[in-house]
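Have a look at the structure below before the remarks.
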Amino acid sequence: MSYSKESQPLPSIQSINLAVPLSLEQAIAYSGSSRWLALHWEPELNQLCHNDGQTVGVGNTYAWQIFRHHPKVERLCHPYHLGDDGQPARHYLLLDRETRKLYVGESIVVEECLKQPQVLSLLAALDADSTAISVRDNLRSQSFWQERRTRAIAIGIALLLLLGLPAAGFGVEILEKNDWIEVELPEWLD
């Protein structure tokens, strides 16, 4: 049996770049304590539904509508079908309540993952690793330029001493933004 990516798209859960307010759970009337919380609109009930893997419930419809149709959320969720008055949700929003990261995934996949928290822990760990990698790369970049700046200062001082100019008569200033060394010459050298 051959497998073709075109014939069978893989189900997925993707992160959404949105800062989720701490007040969301309270606003939608979720009172559970689970780390993960799935949200979608259920047309048969005409209600917001939430699922944390242990309990399924309905939430505050008005809070959901305000959240879901906010311009930032609307723009990010536009490609996904989170349910409406006519059709059930094909996708669920999935909130990691610990990191405040928001994901979107196919409804069946999200429901299955909520039954297996270790899968969602893997998802969180993978996202944490990608964040750690970008922070590490940023620190490497900063240390690279710090090292170059330190070398430039050392070379500048060595040149001053080798040229026989009295170092005590000079003012040396490091300009952070441009990585330049500015030297003020004494009046007698002007």
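Every number in this text was worked out from the coordinates using simple rules, so none of it is lab data. None of the values given here were measured: they were computed from a predicted structure. Ideal geometry is used to build each Cβ from the backbone, glycine not excepted, and the neighbour counts take in all protein chains shown.
Tabulated values for the structure
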{"read-out": "Cα→Cβ-extended label distance, 7 Å offset, between residue 29 and residue 98, nm", "value": "2.9"}
{"read-out": "Where labels lie 7 Å past Cα in the beta-carbon direction, separation of residue 85 and residue 54 in nm", "value": "3.6"}
{"read-out": "Inter-label distance, nm, simple model (7 Å from Cα along the C-beta direction), residue 128/residue 16", "value": "2.4"}
{"read-out": "Footprinting exposure proxy for 31, 15 (fewest neighbouring C-beta atoms within 10 Å first)", "value": "31, 15"}
{"read-out": "Amide H contacts of residue 16 (H built 1.01 Å from N, under 5 Å, at least 5 apart or other chain)", "value": "102, 103, 104"}
